[in-house]
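Beneath this line is the structure, given in structure tokens, with notes to follow.
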Amino acid sequence: SQNRILIKNGKIVNADKMVDSDVYIEDGVIKMVGCNLIIPGGTRVIDATSMLVMPGGIDPHTHLELEFMGAVSVDDFYQGTKAAIAGGTTMIIDFALPSKGESLLDAYHKWRTRATNKVCCDYALHIGVTSWSDEVKREMEELCRLHGVNSFKMFMAYKGVFMVTDSELYNSFEACKELGAIPMVHAENGDIVFENSKRLLKSGINGPDGHGLSRPEEVEAEAVNRACTLSNQVGSPLYVVHVMSKAAAEVLAKHRAEQIKQYGNTKIYGETLAAAVGTHWDENKLTCWHDAAAHVLSPPLRADPDTPNFLLNMLASDKLQTTGSDNATFNKDQKSAGKGDFTKIPNGVNGVEDRMSIIWEKGVVSELFDPCRFVAITSANAAKIFNIYPRKGCIDVGSDADIVVWNPKGKRIISAKTHHQAVDYNIFEGMECHGIPEYVLVGGRVCVDEGQLKVVQGHGKYVPTPTHSEFVYNNEKVSEIEVVDESKEIKALKLQISPPSSVIS
Ligand code: URP
Ligand code: ZN
Ligand code: ZN
Ligand code: ZN
């Protein structure tokens, strides 16, 4: 029957070990793991001989249907999650971003409305904090208490739009600490970027190359250092999104090492992107304006060709913990708004579909790390940091049946002509990747079946992410998250009291 599946003869890969074992699934949940399992008749059998059975990817960083820089990103919650599944990702975490002064709760509900009925896979939400007031703090509490939110993103760049001051960062970090939530930062010095951009435009540099020139590595590294310093002062955890440069990654690693030396563990986490390890800014290859503009995101792709390997080695040695896509896709005509002024090119690239393939190719095929580390950085670590492990990010009894059966012998060539995204380019165009998702199970439903994509719109659910410890709400200790949203799928979720530092074990 549809809801009973046995995956036979594969090699199960978790973040900590690999074992030859079968997996039995019933009603969307893993019920048994082992050999010679006794299973009911009518169970569908998937033969995974010589394939790897891994937790589906969790992309902790997407922007589907994002209104940004005068445009709306073209991959919405349907196209984006469909493409995610095609590539072996079974859950995304998107960012609900309020404009300055807009209510956080309104942004949260706006994003829930956009996602419901469209998502093909499960999703959670990070919420942006783009200004500071007592009301913002109260809304953060309510989001944690009633809406299953445990992460907030603050921007140190995009001056006048999303950027916050150091005081606002300090206060939001402190609020996160009190709530057991994770503060996330976009680390770039927005004032320097703003002034550099003005100077470059004045000197006649207005093409896409001006984007990278306006925000060099040290402008990213400075902000990473400042964010780490602020989180140290407050005593909060910190998650730095999209680490794009050697300099920034080094600063982050230095702060992690200092915390480990002082406390025996660290609560600083770093994410890099499929884009950052899959490509770089190559003047010689980016021959036309459109191609160059397609590669514009912030922080920018670096011109230093060593950057991808450097970041991959950081991922291998646990100096970075996660990989996102930062999927924020704008079509050629939308990017054209920046012709004559690079500051008006909508920022963002693709990656939600190709992230798993890129990390596999550049990391595992290149022998920089093993399949266990691949699972850690594409799935398990995000689940741990955002406190949904082992429900997600793990192949074990009781976990959701979000599974990718990976055929390491398969290969494909990435192209905008064949991808499942709505966007009309692909920054990884022409790249050959070894290893393909042969089957992808989303909540126990086979959504990639022998390589054939069969998604169901609206099949995905909102996944509440519990805060990291008991927290105080209205002077009352809260030990259970009760999500009040109307949705069918949400039940009270027992709070797992596991500190984010468990990731380093
Ligand atoms: O250029 C980017 N990264 N666009 C998406 C918004 C963000 O800063 O993550
Ligand atoms: Zn960002
Ligand atoms: Zn982003
Ligand atoms: Zn509500």
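Brief remarks follow.
- Three-way shape call for region 172-211 based on the alpha-carbon gyration tensor, with the a/c threshold at 1.5: prolate
- Antiparallel content of DSSP bridges confined to the chain, in %, to 5: 50 percent
- Cα gyration tensor, region 209-331 - rounded (a/c under 1.5), prolate or oblate: prolate
- Loop-located trypsin sites (Lys or Arg not before Pro) in region 324-413, at most 15 other Cβ atoms within 10 Å (DSSP): 339
- Region 326-379: GluC sites (Glu not before Pro) in DSSP coil with no more than 13 other Cβ atoms inside 10 Å: 367
- MRE, 222 nm, helices only [DSSP H, n ≥ 4, -39500 (n - 2.57), over the chain, to nearest 500]: -8000 deg cm²/dmol
- With contacts taken as Cα pairs under 8 Å and at least 6 residues apart, the chain reaches a relative contact order of 21 percent.
- 3J(HN,Hα) along region 22-39, derived from phi through the Karplus expression 6.51 cos²θ - 1.76 cosθ + 1.60 where θ = phi - 60°, amounts to 9, 10, 10, 10, 9, 6, x, 10, 6, 9, 9, 10, x, 10, 6, 5, 9, 10 Hz, with x in place of Gly and Pro.
- 3J(HN,Hα) along region 244-253: 10, 9, 4, 4, 5, 5, 5, 4, 4, 4 Hz, from the Karplus curve 6.51 cos²θ - 1.76 cosθ + 1.60 with θ = phi - 60°, whole Hz, x for Gly and Pro.
- Inter-label distance, nm, simple model (7 Å from Cα along the C-beta direction), residue 291/residue 339: 1.8 nm
- Per-residue HN-Hα couplings for region 78-94 [Karplus 6.51, -1.76, 1.60; θ = phi - 60°; Hz; x = Gly/Pro]: 7, 4, x, 6, 4, 5, 4, 5, 4, x, x, 9, 10, 8, 10, 10, 9
- Computed log10 I(q)/I(0) for region 300-377 at 0.15, 0.21 Å⁻¹: -0.64, -0.96, from the Debye equation with unit scatterers placed on every C-alpha and solvent omitted.
- A simple count of charges around residue 103, restricted to other residues whose Cβ falls under 10 Å of its Cβ and scoring Lys, Arg +1 and Asp, Glu -1, yields -3.
- Low-density loop cleavage sites - trypsin sites (Lys or Arg not before Pro) in region 259-303, where at most 15 other Cβ are within 10 Å (DSSP): 285
- Base-10 log of normalised Debye intensity for the chain (one unit scatterer per alpha-carbon) at q = 0.08, 0.10, 0.13 Å⁻¹: -0.44, -0.71, -1.25
- Which of 54, 66, 165, positive extreme of dipole for the chain (C-beta unit charges): 54
- When the C-alpha to C-alpha distance is required to be over 31 Å, the pairs from 82/153; 118/267; 202/319; 17/362; 319/344 that qualify are 118/267; 202/319; 319/344.
Bear in mind that the values in this text are calculations on the coordinates, not laboratory data. Keep in mind that this is a model prediction, so the values were computed, not measured. Here Cβ is always computed from backbone atoms with ideal geometry, including for glycine, and neighbour counts include all displayed protein chains.
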